[in-house]
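Notes follow the structure.
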Amino acid sequence: MRIAILNKDKCKPDKCSPFGQKPCIKYCPRVRTGDKTIVLNEKINKVEIAENLCSGCGICIKKCPFGAINIINLPDPLENQVTFRYGPDQFSLFRMAIPKEGSVLGLIGQNGIGKSTLLKILSGDLKINFGRFNDNSPDWDEIISYFKGSELHKYFTDLKNKKLKVVYKPQNITSIPRFVKGKVYNLLAQNDDEDKLEIISEKLNLTKILDRDISVLSGGELQRVAISAAYLKDGDVYLIDEPTSYLDVSERINIAKLIRNLTDENKTVIIVEHDLAILDYLSDYVSLFYGVPGAYGILSHPQGVRVGINIYLNGYIKDENIRFRDDPIKFHERPPQETSFDSGNVIFSYNNMQTDLGKFHLDITGSEIHAGEIIGILGPNGIGKTTFINLIAENINDNNNDFDTIETIDDIFSVAIKPQYIKLDENLKVAKFISDIKLAAHIHQSYKKRLINNLQLLDIKDRLISELSGGELQRVAIAKCLGTKADMYLLDEPSAFLDVEMRLQVAQLIRKSIEEIKKAAFVVEHDIITQDFIADSIIVFKGKPGIKGMALPPQNLRDGFNSFLEIMGITFRRDSLTKRPRVNKIGSNKDLYQKSINEYYYIPK
């Protein structure tokens, strides 16, 4: 089976050859023999590729100056397993996930691989077309008959007959204030079908913000409100897309417990989540997505949650004989002993400080950071982490006496910041940020290439900032920060909206970048696994969220994670095969044992 994918955003016939035949058409061997394998659709000014005529030579891929064409050969059996295709030359989804009543199905895969498409099909927003379009698209009877003998037969029968009430929690919660106005209480009350508002408000710590307006909520507050609104609805099926973005570890566990409660009422739950520890904690079974983002996605057969996540990390599906990752993702069960930074070269130090933000008070214990060092910051939401980051960024150039910096070439100590809430000019194209990186004289060509390639910016270079997804916008903001000339880099929640692959890639990118340029960085991150990959040292924030916070001095990874997780009351065990961290159920034998020996994260020796 062969599929041809055309990226319509990249296809620009007027620019690739304004005075003659287009390169993809001109050099196609089948076109030269008289076939209409590639033609120009003058109505939309885009080329079209006839897959049944394509020989798969790949010449058009090489000749297209904008990289708009992708020809992919797939196993022939998949030809009869196309679930949905957006149109000729467009993204294809193969196979369907199998939701089960009273169970949580977890979906794992890269962004752009078909997870959202699958959720839209299960919600009824998209109708399965088996890769057929226009007048040839299947009717409901054909779709239902196709799945005869499986759980999907009843699911789509009920969906057709409107017997399923589907509740959907969207991925991008930051856009909620654009469409929903008014007080938090009014929003939740509208969705409260079973008078559970008071109970849910207490469980998710929403009681204090019920009288606040939706427009002034933080990202974490919006996330908890969105999940509460979905939970309060009396639905049959709950589709939950990335419920942990902007939440701290304790809040993530609370959310996971709440979602698990739905299965006690025999509800069907399908969840997309990139925090592997939470996905593991939540799911009863998983389906893996593999393929080429933006081109096609294939669902694996259902797997048990532990086995499925391990398969995803290893990149090899044994029962399908498919390898979709060259190198497995590995975790270290004990903190690395060697330091990657120069402990003798202090690049920045700060004294004990205090600051107030409204009714919130923050105490900061003085410390220092060294050339090449990355200090990870951990703490619950509302405890002062972002305040600390902003304090450094705002005061460092004001010669504040609480801050001591090294002398620089320009005699000016500078910082670059990637904020928690990203604001970039929506009228600019990504190409502008790529150009700024390429023109930066202070960094080597290899460094620039690493930033652009690892963050996959070339794939979205022709897109406007306003058109980017949350994950794409995050990648641009990280590139802008790390591509800026500075002595210190401040990154606030760099993994938000990124998939598993990209989270670990970004973690490694930040590490290599700071080591290479021998500067320093503070990184706020709620994903424990990602923070483990990034940090050399840990600053733990403790206190009472929204009232008082305290920043402790930096600690090594073992002590830092122990201090933080002790405050959270959570322990992690390690998978016996991959050594990946797994959340222990509170009160379990392993949880109680690890707490008794003060080993909350790393395996005891």
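List of remarks:
- Just so you know, in the stretch 590-605 the residues that are in contact (Cβ under 8 Å) with a residue 40 or more places away in the chain and open to solvent by less than 10 Å² (accessible area, probe 1.4 Å) include one that is nearest to residue 281 (Cα to Cα), and it is 601.
- All conditions in (1) more than 21 Å from residue 294 (Cβ to Cβ); (2) open to solvent by 50 Å² or more (accessible area, probe 1.4 Å); (3) part of a helix (DSSP H, G or I) hold for residue 31, with the sole exception of (2).
- Residue that is nearest to residue 155 (Cα to Cα) [pool: residues in the stretch 253-299 that are touching a helix residue (DSSP H, G or I) at 6+ places or on another chain (Cβ under 6 Å) and assigned to a loop (DSSP other than H, G, I, E, B)]: 283
- Filtered residues of the stretch 83-134 (kept if open to solvent by 20 Å² or more (accessible area, probe 1.4 Å) and in a helix (DSSP H, G or I)): 116, 120, 123, 134
- Restricting 160, 165 to those that are free of Cβ contacts under 8 Å to residues at least 60 places away in the same chain, over 26 Å from residue 219 (Cα atoms) and of a type outside the set (Ser, Thr, Tyr) reduces the list to 160.
- Residue match in the stretch 466-474 (condition: touching a strand residue (DSSP E or B) at 6+ places or on another chain (Cβ under 9 Å) and of a type outside the set (Asp, Glu)): yes
Table: residues versus (1) in a loop (DSSP other than H, G, I, E, B); (2) of a type in the set (S, T, N, Q); (3) at pLDDT 90 or above; (4) over 30 Å from residue 464 (Cβ atoms).
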position	(1), (2), (3), (4)
347	no, no, no, yes
362	no, no, yes, yes
372	yes, no, yes, yes
397	no, yes, no, yes
401	yes, yes, no, yes
422	yes, no, no, no
431	no, no, yes, no
435	no, yes, yes, no
442	yes, no, no, no
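- Only one entry of 587, 546 meets the criterion of being part of a loop (DSSP other than H, G, I, E, B) and exposed (fewer than 14 other Cβ atoms within 10 Å of the Cβ), and that entry is 587.
- Taken over the stretch 247-266, the criterion of being surrounded by 20 or more Cβ atoms within 10 Å (Cβ to Cβ) and among the basic types (Lys, Arg) is satisfied by 252 alone.
- Taken over the stretch 450-473, the criterion of being closer than 11 Å to residue 429 by Cα, among the acidic types (Asp, Glu) and open to solvent by less than 50 Å² (accessible area, probe 1.4 Å) is satisfied by 462 alone.
The values are calculated or read from the model by the stated rules, or taken from the named source; none is laboratory data. Everything numeric in this text was worked out from a predicted model, so none of it was measured. Heads up, the Cβs are rebuilt from the backbone with ideal geometry, glycines too, and the neighbour counts pull from every protein chain shown. Surface accessibility is based on the protein's heavy atoms, side chains included, excluding ligands, DNA and RNA. Shrake-Rupley method; radii C 1.70, N 1.55, O 1.52, S 1.80 Å.
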